[in-house]
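Okay, so here's the structure we're looking at.
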Amino acid sequence: MEFRDVVFRRRMTRAFRPEPVPPEIVARIVDLAVRAPTAGKSAGVEWLVLVEPDDVRSFFAATSDEGFLADPGAMAGLLNAAAVLLPVADAAAYVARYAERDKAGSGLAGLAAGDWPVPYWLVDAAFSAMSVLLSAEDEGLGALFFRLHRPAGELERVFGVPKGRCLIGAIALGWAAEAGGSEGSATRRTRPQASMVHFGRW
């Protein structure tokens, strides 16, 4: 598939068929995820990859509202995801990297994480997550990026994620059970490109 086709075809998938995804496909997706750009080669984004059915169920139990688990309604198909991938950003890795001698003139040297004007660890986590979404489309899979609906403490406990890391959300992967959304964001009209791109000045 041409890259342009991957970008044009990519959609968020909210329902999956209850079928496993071959491990070699997940491995290819993760391999591309860790090749995404990283500021200063800080390499401060790691991935928690959940492919075992028990782990996927434990993930939803640890991160979902109790009401959702009791009655997921139109989102029931999300719980059929074959895998869940979580980008885990480490702000301390960036603070340490930009304290090194070659970054002394960057304007970020010596800054605490909370003082960075743009948190590069979140930018890099988003780059890496986008690689997963595009790779999933290229592999013929559906994917959905979504926020965690409960504080990360239980997730950290269940899966051993170190304290102090930033979880920007999760990506569900699997074989799509839908051709496209029929309500909500899926039916919202896309803004015309002319209103989003400004050449020369705003």
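The values are calculated or read from the model by the stated rules, or taken from the named source; none is laboratory data. Not measured: the values here are computed from a predicted model. Counting neighbours? That spans all protein chains shown, and the Cβs are built from the backbone with ideal geometry, glycine included. Surface areas here come from the heavy atoms of the whole protein model, side chains and all, with no ligands, DNA or RNA. Shrake-Rupley method; radii C 1.70, N 1.55, O 1.52, S 1.80 Å.
Side notes on the structure shown:
- Scan of region 77-101 for residues that are open to solvent by 50 Å² or more (accessible area, probe 1.4 Å) and either of a type in the set (Ser, Thr, Tyr) or over 26 Å from Ala33 (Cβ atoms) (or both), ordered by number: Ala99, Arg101
- Selection count where residues are among the β-branched types (Val, Ile, Thr) and under 11 Å from Tyr120 (Cβ atoms), scope region 27-42: 1
- Listed by first and then second residue, the pairs linking a residue in region 133-158 that is basic (Lys, Arg) to a residue that is surrounded by fewer than 22 Cβ atoms within 10 Å (Cβ to Cβ) and in a loop (DSSP other than H, G, I, E, B), with Cβ atoms under 6 Å apart and 6 or more places separating them unless they lie on different chains, are Arg147/Gly169.
- Condition met for Ser58 (of a type outside the set (A, V, I, L, M, F, W, C), surrounded by 16 or more Cβ atoms within 10 Å (Cβ to Cβ) and closer than 22 Å to Pro20 by Cβ): yes
- Close Cβ contacts (under 7 Å, 6 or more residues apart or on different chains) running from residues in region 76-87 that are more than 12 Å from Leu144 (Cα to Cα) and basic (Lys, Arg) to residues that are assigned to a helix (DSSP H, G or I) and open to solvent by less than 20 Å² (accessible area, probe 1.4 Å) are absent.
- Within region 154-202, considering residues that are at pLDDT 90 or above, assigned to a helix (DSSP H, G or I) and farther than 19 Å from Ala81 by Cβ, the one least open to solvent (accessible area, probe 1.4 Å): Glu156
- Matching helices (runs of 4 or more DSSP H) fully within region 1-111 where at least 3 residues are more than 19 Å from Glu156 (Cβ to Cβ): 3-9, 23-33, 66-70, 91-97
- Within region 19-29, if we keep just the residues that are in contact (Cβ under 8 Å) with a residue 60 or more places away in the chain and out of contact with any Asp or Glu (no Cβ under 8 Å at 6 or more places or on another chain), the residue that is surrounded by the fewest Cβ atoms within 10 Å (Cβ to Cβ) turns out to be Glu19.
- Restricting attention to region 130-163, the residues that are of a type in the set (A, V, I, L, M, F, W, C) and over 16 Å from Phe59 (Cβ atoms) total 5.
- Leading residue by the ranking (nearest to Ile168 (Cα to Cα)) among those in region 110-123 that are touching a helix residue (DSSP H, G or I) at 6+ places or on another chain (Cβ under 6 Å) and open to solvent by less than 50 Å² (accessible area, probe 1.4 Å): Trp121
- Count - residues of region 1-18 that are within 25 Å of Leu79 (Cβ to Cβ), open to solvent by 30 Å² or more (accessible area, probe 1.4 Å) and not hydrophobic (A, V, I, L, M, F, W, C): 6
- Inside region 122-156, residues that are farther than 17 Å from Asp5 by Cβ and of a type outside the set (D, E, K, R) make up a count of 17.
- Residue that is modelled with the highest pLDDT [pool: residues in region 118-153 that are over 19 Å from Ala15 (Cα atoms) and charged (D, E, K, R)]: Asp124
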